[in-house]
1. I need every pair where a residue in the stretch 153-178 that is of a type in the set (Asp, Glu) has its Cβ under 8 Å from the Cβ of a residue that is modelled with pLDDT of 95 or more and surrounded by fewer than 17 Cβ atoms within 10 Å (Cβ to Cβ), sequence separation at least 6 or different chains.
2. Given the conditions (1) over 22 Å from Ile131 (Cα atoms); (2) in contact with a Pro (Cβ under 8 Å, 6 or more places away or on another chain); (3) among the acidic types (Asp, Glu), and given that Glu179 satisfies all but one, which numbered condition is not satisfied?
3. Would the stretch 120-136 turn up any residue that is outside the structural domain of Met76 (by TED's automatic domain parsing), part of a helix (DSSP H, G or I) and farther than 27 Å from Val282 by Cβ?
4. Would you point out which residue out of Ile139, Ile177 is surrounded by 22 or more Cβ atoms within 10 Å (Cβ to Cβ), farther than 30 Å from Ile297 by Cα and touching a Ser or Thr at 6+ places or on another chain (Cβ under 9 Å)?
5. Any residue that is surrounded by fewer than 15 Cβ atoms within 10 Å (Cβ to Cβ), among the basic types (Lys, Arg) and over 23 Å from Tyr194 (Cα atoms) - is there at least one of those in the stretch 32-40?
6. What number goes with the only condition from (1) under 24 Å from Asp67 (Cα atoms); (2) modelled with pLDDT under 95; (3) hydrophobic (A, V, I, L, M, F, W, C) that Val84 does not pass?
7. Considering every residue within the stretch 103-120, establish whether at least one is within 30 Å of Lys54 (Cβ to Cβ), small (Gly, Ala, Ser) and touching a residue at least 40 places away in the same chain (Cβ under 8 Å).
Amino acid sequence: MKKKLAIIGASYLQLPLVERAKKTGIETHCFAWSEGAICKEIADFFYPISILEKDDILQKCIDIKIDGITTIATDMAVPTICYVAEKMNLVSNSFISSLASTNKNEMRNAFKNGNCSIPKFIEANNNEVNIKDFKFPLIVKPVDRSGSRGVTKVLFENQLPEAINYAISESFCKKAIVEEYIDGVEVSVETISYKGEHTILAITDKVTTGPPHFVELAHHQPSSLSNEIQEKIESETIKCLNALNINFGAGHSEFKITSTGEVYVIEVGARMGGDFIGSHLVELSTGYDFLEGVINIALGNYEKPILKNNNFSGVYFLCKETEEILPYFSQINTFDIQKEIQNTTLKNSTNSNDRSGYLIYQDIKKINLL
C-alpha cells in the first residue's frame, strides 16, 4: 500500500517536493490556499485549506490516515506541521519548538539561553523602543516573515520609527525586532537531523542587494570561506539547532561573519532553504538528495547522508540590479541546469517577489556572472 504524505503549502516552493514524492510512489496530499497553488494540478489530492488552519488540517489528516507530514522552503507551515504530527504521533519537531523557530524574538531568546552568538536585540510593537544602549546602524525586520519582506537598515535614530512601522505592516502578528547590524559576509547552512543527530550538508555563500533591504541576488555552493571559519560556522549551527530543539528534518541557518572572524547567527528555520538552495543546489554540489531525505524522515525512515560529489552549484536571480546577466538567459551555457524568465519587466528589488527570473548552474568551478 502506498505511503500517504501530507504536504503543507502548494506554491512553486513546494513543487519539487511534490514531484519528488510522486516519483518515489508516495501518495501526495497538498493543503494550501487555492490562489497560486500550482501543485494542486500535480498532487494526488489537493485541499483548499489555509496552511494556518491547524485543526482543520489535523482532522483531514486523521480522516486520510497520513503516514507523514512535511514541507520545504516556508516557515509559515512549520507550526501546523508540528501540531498535526504531534497530535498524530508522527515524526516531527515539537509544536513548542516550532513557535520559537518561526518568531525571531522567541528565537533570539532561545539562542541567548543556548549561549549562541547573537547581536543585541529588542522587540517592538510600536515605534517607541528603548535603544539607549544600542549601537547604530540597526536592522529592523518583522518577527514572523521571510524573503526580505519588511527589512530595513537604519543608520540614524530619526529613521527608526518609519522602519519599525514598515516591519510591523509586513508582520502577521504586527511585531518587529530591532537589532544591531552585523557588518560582514553572509552565509546559510543546510542541515538534516534525526533524533537530535545533526549533519551539515552545505554552507552557501550569499550575494544580496545590500542595504536597505538585503534581497538575495545569488547563492553559491560550496562556500569560499576558509576551513577555520567554516568549522566555526558548523559548530555554531549545531548549538543553534539544539537551542531551538530542532531534532528532526531539514534546517536552514543564516549567519554573518565579521572581518575579524566572529560568527553571529541571524536566524534558523526548521525547513530547507528556499531560493532553490535545498531543492536543487545541495544535490548538485554534494550528490545528496535532500528532498528524499526530508521525505524519508517525515515517514519515519532515515539513512545518514553520504556526501559524494564535489561540484560547484549556484543560482542567480534576474532583476534590475542583475540585468547584466540577461544575455545568459538567451544563450546555451555549458553550466546551465535550469533557467527561466518569469517577468520581462526588471524591477529594483525590495523583496524576493520583485525578482524576474533565475538561472541555476553546476560546474567544476564557481561561475561568476556578476
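1. These pairs meet every condition: Glu157/Phe136.
2. (1)
3. Looking for residues that are outside the structural domain of Met76 (by TED's automatic domain parsing), part of a helix (DSSP H, G or I) and farther than 27 Å from Val282 by Cβ, one finds none in the stretch 120-136, hence no.
4. Being surrounded by 22 or more Cβ atoms within 10 Å (Cβ to Cβ), farther than 30 Å from Ile297 by Cα and touching a Ser or Thr at 6+ places or on another chain (Cβ under 9 Å) holds for just one of Ile139, Ile177, which is Ile139.
5. no
6. (2)
7. Within the stretch 103-120, the subset within 30 Å of Lys54 (Cβ to Cβ) is 103-114, 116, 118.
In the following step, the residues that additionally are small (Gly, Ala, Ser) were identified as 110, 114.
Okay, now just the ones that are also touching a residue at least 40 places away in the same chain (Cβ under 8 Å), so 110, 114.
Yes, that holds for at least one residue.
The rows are residues; the columns are (1) out of contact with any strand residue (DSSP E or B) (no Cβ under 7 Å at 6 or more places or on another chain); (2) closer than 24 Å to Glu179 by Cα; (3) at pLDDT 95 or above; (4) aliphatic (A, V, I, L, M).
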residue: Ile62; (1), (2), (3), (4): yes, no, yes, yes
residue: Thr70; (1), (2), (3), (4): no, no, yes, no
residue: Thr80; (1), (2), (3), (4): no, no, yes, no
residue: Ser98; (1), (2), (3), (4): yes, yes, yes, no
residue: Ser101; (1), (2), (3), (4): no, yes, yes, no
residue: Gly114; (1), (2), (3), (4): yes, yes, yes, no
residue: Lys120; (1), (2), (3), (4): no, yes, yes, no
residue: Leu138; (1), (2), (3), (4): no, yes, yes, yes
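The values are calculated or read from the model by the stated rules, or taken from the named source; none is laboratory data. Nothing here was measured: the structure is a model prediction, and the numbers come from that model. Don't worry about glycine lacking a Cβ; one is built from the backbone with ideal geometry, like all the others, and counts go over all protein chains shown.
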